[in-house]
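Quick notes on the structure that follows.
The values are calculated or read from the model by the stated rules, or taken from the named source; none is laboratory data. What you see is a predicted model, and the numbers here were worked out from it, not measured in a lab. Glycine also receives a Cβ, built like all others from the backbone with ideal geometry; neighbour counts cover every protein chain displayed.
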Amino acid sequence: MNLPNLKNLRDKLINLERELQAPGILSFSEKLTETSREYNRTKELVDLLEKIENIKQKIEELEIFSKTEEGAELLEIAQTEKNELFREKEKIENELKEFLSEKSIIESKNVIMEIRAGTGGDEASLFAANLFRMYSLFADHNGWRTEILNASRTDLNGFKEVVFRIEGKNAYKYLKYESGVHRVQRVPETEKNGRVHTSTATVAVLPEATDVDIKIKNEDLKIETFRSGGHGGQNVQKVETAVRIVHLPTGLVVSCQDERSQFKNKEKAFKILQSRLLVLMEEKKHKERADERRSQIGSAERCEKTRTYNFSQDRITDHRFNISWHNINDFMNGNIKNAIEELQKSDEDKRSVNLG
């Protein structure tokens, strides 16, 4: 395989390090985040290439040794070492190929998650809040950072909708399997007769886009401002700090009202829009349906489900791969890493069978 130029990458690494050490970069959180991510990815690439270079050098040394050495036993040892090095080189080259793939670049991104209450009224909004808490705790367990971009809260501390960003290494790789309709079966806090209710919430997981991924023309945007609302719809501000952005070519609409600053709401809404457009672009590239968010979450009816949380049976079931787990309280406290890794393995196995 054609390897990237190691010298150029080392030079790039030095320049990125200088940028990170530059005075004042801490004042620009967006720039700091992007430069840090690029530095870490470049460093990982340089490490893989240096491993390959070291192995190639050892192979050359063994070949020179084999040409000058006449002892049969030493030649056999040298050949055995050479074979092991060739296997190691092939393994690292496969890692490098995967690392450079388009899939790897997307999976390394931060994510923007959107959770919306589906059928079930107040119980659905409370379940949406439970899911937000679960993913926030999972992010904490991994040392990742969570930031709410937009939220529509209810009087019972639930969410009609919450859009949030999770920043962390390979966040999209781990969280992409969470997309879909999540169904809960339990006795709601608001239920007086002890009956089990079934409610739903939808989850969409988008890879976070940057200016490098998606460039948006100003003339393609229609930006409106309005007053943000609080619980029950009352106006909490007399000035128009909330922002709505319409992307005219696609018809995508993004609203943000969680901040008290119009500028910050506009910034967050633009970030969400970029990520939704990146999803559309990726799906178009792979000739899939044009709206991933709709394909991810379906219509949120009770019969449509990706995962069911059955509290009375203490069981969580993922219907895509027919896998179940127990200890639902532990699960809802963000301890979902083992479940995610099991889903990843099942998906890989399924793909292997289909390819075969």
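Couple of notes before you dig in:
- Filter pass, Phe127 being in contact (Cβ under 8 Å) with a residue 40 or more places away in the chain and farther than 27 Å from Glu282 by Cα: yes
- Residues satisfying the stated conditions in region 155-204, i.e. of a type in the set (Val, Ile, Thr), out of contact with any Phe, Trp or Tyr (no Cβ under 7 Å at 6 or more places or on another chain) and surrounded by 18 or more Cβ atoms within 10 Å (Cβ to Cβ): Val163, Val181, Thr200, Thr202, Val203
- Residue within region 164-181 that is closer than 13 Å to Leu126 by Cα and among the charged types (D, E, K, R) present: no
- Restricting attention to region 46-103, the residues that are under 30 Å from Leu206 (Cα atoms), in a helix (DSSP H, G or I) and among the polar types (S, T, N, Q) add up to 1.
- Only one entry of Val254, Val279 meets the criterion of being surrounded by 19 or more Cβ atoms within 10 Å (Cβ to Cβ), within 16 Å of Leu206 (Cα to Cα) and at pLDDT below 85, and that entry is Val279.
- You will find that of Glu147, Glu178, Glu167, Glu191, the residue that is under 15 Å from the mean Cα position of the chain (by Cα), of a type in the set (Asp, Glu) and farther than 26 Å from Lys264 by Cα is Glu178 and no other.
- Out of Glu53, Glu84, Glu123, sole residue that is in the same structural domain as Glu167 (by TED's automatic domain parsing), at pLDDT 90 or above and more than 28 Å from Val279 (Cβ to Cβ): Glu123
- Of all residues in region 332-351 being surrounded by 14 or more Cβ atoms within 10 Å (Cβ to Cβ) and over 18 Å from Ile166 (Cβ atoms), the one that is modelled with the highest pLDDT: Glu342
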